[in-house]
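Notes to accompany the following structure.
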Amino acid sequence: MAGLQVLEDQYKAQGLHVLSFFSNDFGNQGGTNGEIDDCTDQYMVTFDQFATDKVKGASAQPVFSWLFSQGATDPAWNFHKYLVGRDGSFIQQWPSSTYWGEDPNSTNFKDNEVVKAIEAEIAKPAP
């Protein structure tokens, strides 16, 4: 969660918004809505977090059904990441294992494929 908050803090002024969707589709690790609140408080998360719901299969939340209709694939585990452009188009996705770290001044952060994709998208003119 801390790494996602870093992205929100680093790029929010340029139009990036992190959205977090909790799900128990992965070993019931999404938790309850109360646990989401606890996590939000513990990690001082300011980005939008949605109630625990389905992200896979026919009963997936509408946003995931839309992503899949655009060519995205089902997440294999928690913390799967999807990038949607300002124009509403699906851009790219990354698995849970892709992580940029928590220090925006580090080489790991600056050279990370997620960060580069975000920077490329926010560099485009707003529609």
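The values are calculated or read from the model by the stated rules, or taken from the named source; none is laboratory data. Every value quoted in this text rests on a predicted model; they were computed, and no experiment measured them. So basically every Cβ, Gly included, is an ideal-geometry build from the backbone, and we count neighbours across all protein chains shown.
Taken as a whole, the structure places LYS110 among residues that are free of Cβ contacts under 8 Å to residues at least 60 places away in the same chain, under 27 Å from PRO125 (Cα atoms), surrounded by fewer than 17 Cβ atoms within 10 Å (Cβ to Cβ) and not hydrophobic (A, V, I, L, M, F, W, C). Here THR73 clears all of (1) under 15 Å from the mean Cα position of the chain (by Cα); (2) over 16 Å from ASP9 (Cα atoms); (3) not in a loop (DSSP other than H, G, I, E, B) except the condition numbered (3). Only one of the listed residues (LEU83, LEU19) is within 14 Å of the chain's Cα centre (by Cα) and modelled with pLDDT of 95 or more. That residue is LEU83. Scanning the stretch 39-55 for residues that are at pLDDT below 85, more than 15 Å from the chain's Cα centre (by Cα) and surrounded by 12 or more Cβ atoms within 10 Å (Cβ to Cβ) turns up CYS39, TYR43.
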